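Asks: Here it is, the structure, as structure tokens.
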Amino acid sequence: MTPAAEHPYDLVGIGIGPFNLSLAALADGVPGLRTLFLDARPRFSWHPGLLLEGTVLQVPFLADLVTMADPTSPWSYLNYLRAHDRMFPFFFSERFHIPRREYDHYCRWTAERLPSCRFDAEVTSVEWDGPAGVFRVEHRSAAGRRSSVAARRIVLGVGTEPVLPEVLRPLPAAGHRGRVLHSADYRNHRARLAAEDDVTVIGAGQSGAEVVLDLLRHQDGDGAGGPYVRWLARTPAFAPMEYSKIGLEHFTPDYIRYFRGLPQGVRDRVVREQWQLYKGVSEETLAEIHDALYERTIGGTEPRAALHPGVEITGAEAVPGGFLLRCHHAQQDSRFEVRTSAVVAATGYAAVRPAFLGPVAGLVDWDDRGRYRIDGEYRVALDPSVTGSLYVQNAELHTHGVGTPDLTLGAWRAATILNAVAGRPVCPVPDRAAWTTFGAPASG
């Protein structure tokens, strides 16, 4: 037996984003539990392409890595403030929603201090060793050094990947990278985009709104300089995210339990209908966009901007000076064309099947759409011959609902996985968290 097989980890996490970092933080110091978390990047980084000055999290600071599961943890955001002598400034700022750049720094502070987190470790394959009863996890450094570890359990926290609309995908590959891009890469091309004559932003979520606002701010005070800004979206309106106290109860364990009890076809339909719960825009950002447009009308001028909801891009091609977008307005069933110098697609993210799962893909019980089947403890259904466990984070929108990508439930989900791995309630989770009764009331 190899040393790795003789001393397998109880849990190896692949990917160190906020969700696996939450699990690493909650598992830190748990007696008798050996964990390791691997990430290909040289250090922690959270959506660097959208870390714009002035942007804030859409969840309160209590939705940090640990507090919603264990407020006594040393890895809380408040302890981070204390470590940086920022408690009084934070208190006087009266912030409930913290700067996005600070959240990124807080996560990096945590990742650099957790002994279980290892960066510059790109996982290249995961195999199941039946006789030894462990997963073999192969990884390599950027310099090419290869290593292997064994684990009884794996948790995937590889995150999601940016999704470009299919009609736009050929354009970056045809030499137009930097002028047709996903909003995840916006910051890297921000200066060039601000110098374009005309920029079209696609997508009615928070990222799209922030890109629109940033481009408007690059216009001169009277709106004469800077790019013409066009905002297109398939949704019927540029709508605020649901943020009422009762509405937010969709981001509770109670709603997850209800959602899991629905037939899969109903789940898929409900997620599409609930776009405003997790794809809307903060009221503050919408107000800032409106104020920027209002400023442009002083003195009788017209804003160099246009907002078009209910529009789908049906075709795109490169033309001299830019791109031609063919558009369809759903409610009017009318078609029109737009010429633009650059396109920023704020069109969301999707879970993908990582290539390193290839050796065990045949042992996973995929559903009829090639998605994981996931139980209430975030465990993936595997062939009965596999005695180890595979867990996932942020890949269960189809089985657990709209709270999947939301940071609010991150610590709770991590605690649920940790308790399952430990076989005991290391971090007790609540039985009831919502006033709302989702579904029909019990008889009597």
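Asks: Looking for whichever is over 25 Å from the mean Cα position of the chain (by Cα) and free of Cβ contacts under 8 Å to residues at least 12 places away in the same chain here; the options are 375, 383, 333. Which one fits?
Replies: Answer to the check: 333.
Asks: So which of 91, 37, 19 is in the same structural domain as residue 142 (by the TED database), exposed (fewer than 14 other Cβ atoms within 10 Å of the Cβ) and not β-branched (Val, Ile, Thr)? Spell out the reasoning first.
Replies: Working: 37 fails: exposed (fewer than 14 other Cβ atoms within 10 Å of the Cβ); 19 fails: exposed (fewer than 14 other Cβ atoms within 10 Å of the Cβ).
On inspection, the qualifying residue turns out to be 91.
Asks: In the stretch 297-316, what residues are surrounded by 11 or more Cβ atoms within 10 Å (Cβ to Cβ), touching a helix residue (DSSP H, G or I) at 6+ places or on another chain (Cβ under 8 Å) and not hydrophobic (A, V, I, L, M, F, W, C)?
Replies: Correct list: 303, 304.
Asks: Turning to a different aspect of this structure: Would you pick out the residues in the stretch 33-55 that are closer than 16 Å to residue 187 by Cβ and aliphatic (A, V, I, L, M)? Full working, then the answer.
Replies: Here is the first cut: in the stretch 33-55, the ones closer than 16 Å to residue 187 by Cβ are 45-55.
Answer for the stretch 33-55, where residues must be closer than 16 Å to residue 187 by Cβ and aliphatic (A, V, I, L, M): 50, 51, 52.
Asks: Check off (1) open to solvent by 40 Å² or more (accessible area, probe 1.4 Å); (2) of a type in the set (Val, Ile, Thr); (3) assigned to a strand (DSSP E or B) for residue 347 and give me the number that stays unchecked.
Replies: (3)
Asks: Let me spell it out: the conditions are (1) touching a residue at least 40 places away in the same chain (Cβ under 8 Å); (2) closer than 27 Å to residue 203 by Cβ, and residue 119 meets all of them except one. Which number is the exception?
Replies: It fails just one condition, (2).
Asks: Considering the stretch 265-293 alone, what residues qualify as being open to solvent by 60 Å² or more (accessible area, probe 1.4 Å) and over 14 Å from residue 406 (Cα atoms)?
Replies: Hits for the stretch 265-293 are 269, 272, 273, 283, 284, 288, 290, 291.
Asks: Further question on the same structure: Within the stretch 115-131, can you find the residues that are part of a strand (DSSP E or B) and open to solvent by less than 40 Å² (accessible area, probe 1.4 Å)? Can you show your working first?
Replies: Keep residues of the stretch 115-131 that are part of a strand (DSSP E or B), which gives 117-118, 122-129.
Those that are part of a strand (DSSP E or B) and open to solvent by less than 40 Å² (accessible area, probe 1.4 Å): 117, 123, 125, 126, 129.
Asks: Across the stretch 350-360, which residue is surrounded by the fewest Cβ atoms within 10 Å (Cβ to Cβ) among those that are among the small types (Gly, Ala, Ser) and within 16 Å of residue 405 (Cα to Cα)? First the steps, then the outcome.
Replies: Applying the first criterion (among the small types (Gly, Ala, Ser)) to the stretch 350-360 yields 350-351, 355, 358.
Narrowing the set further to residues that are within 16 Å of residue 405 (Cα to Cα) leaves 350-351.
Numbers: 350: 11, 351: 20.
Ranking the qualifying residues of the stretch 350-360, first place goes to 350.
Asks: Ok, one more. For the stretch 151-179, give me each residue that is in contact with a Phe, Trp or Tyr (Cβ under 8 Å, 6 or more places away or on another chain) and of a type in the set (Asp, Glu).
Replies: Within the stretch 151-179, just 161 meets the criteria.
Asks: I've got another one for you. Restricting to the stretch 389-416, what's the tally of residues that are open to solvent by less than 10 Å² (accessible area, probe 1.4 Å) and in a loop (DSSP other than H, G, I, E, B)?
Replies: Looking only at that region, the number is 6.
Asks: Just wondering, is there one or more residues in the stretch 1-9 that are aliphatic (A, V, I, L, M), more than 22 Å from residue 155 (Cα to Cα) and open to solvent by 70 Å² or more (accessible area, probe 1.4 Å)? Please lay out each step first, then the result.
Replies: Here is the first cut: in the stretch 1-9, the ones aliphatic (A, V, I, L, M) are 1, 4-5.
Subsequent filtering for residues that are more than 22 Å from residue 155 (Cα to Cα) retains 1.
Checking the rest, the ones that are also open to solvent by 70 Å² or more (accessible area, probe 1.4 Å) come to 1.
Within the stretch 1-9, one or more residues are aliphatic (A, V, I, L, M), more than 22 Å from residue 155 (Cα to Cα) and open to solvent by 70 Å² or more (accessible area, probe 1.4 Å).
Asks: How about the stretch 344-372: which of its residues are within 20 Å of the chain's Cα centre (by Cα), closer than 23 Å to residue 122 by Cβ and among the small types (Gly, Ala, Ser)? Working first, answer last.
Replies: Pass one, the stretch 344-372, residues within 20 Å of the chain's Cα centre (by Cα): 344-355, 371-372.
If we keep only those that are closer than 23 Å to residue 122 by Cβ too, we end up with 349-355, 372.
350, 351, 355, listed by residue number.
Asks: At least 1 residues that are crowded, with 22+ Cβ neighbours inside 10 Å in each: list the strands (runs of 3 or more DSSP E) lying fully within the stretch 148-251 that qualify. Step through it out loud before you land on a result.
Replies: On the way: elements: 153-156, 160-162, 180-182, 198-202, 228-232.
Output list reads 153-156, 180-182, 198-202, 228-232.
Asks: So, one more: Does residue 54 satisfy the condition of being in a loop (DSSP other than H, G, I, E, B), small (Gly, Ala, Ser), within 30 Å of residue 153 (Cα to Cα) and open to solvent by 30 Å² or more (accessible area, probe 1.4 Å)? Write out each step before concluding.
Replies: Numbers: in a loop (DSSP other than H, G, I, E, B): yes; small (Gly, Ala, Ser): yes; within 30 Å of residue 153 (Cα to Cα): no; open to solvent by 30 Å² or more (accessible area, probe 1.4 Å): yes.
It is false that residue 54 is in a loop (DSSP other than H, G, I, E, B), small (Gly, Ala, Ser), within 30 Å of residue 153 (Cα to Cα) and open to solvent by 30 Å² or more (accessible area, probe 1.4 Å).
The values are calculated or read from the model by the stated rules, or taken from the named source; none is laboratory data. All figures in this text were calculated on a predicted structure; none of them were measured in a lab. Quick reminder, even Gly has a Cβ in these numbers, built from the backbone with ideal geometry, and neighbours come from all protein chains shown. For the accessible areas, the whole protein counts, side chains as well, though only heavy atoms, and no ligand, DNA or RNA atoms are used. Shrake-Rupley method; radii C 1.70, N 1.55, O 1.52, S 1.80 Å.
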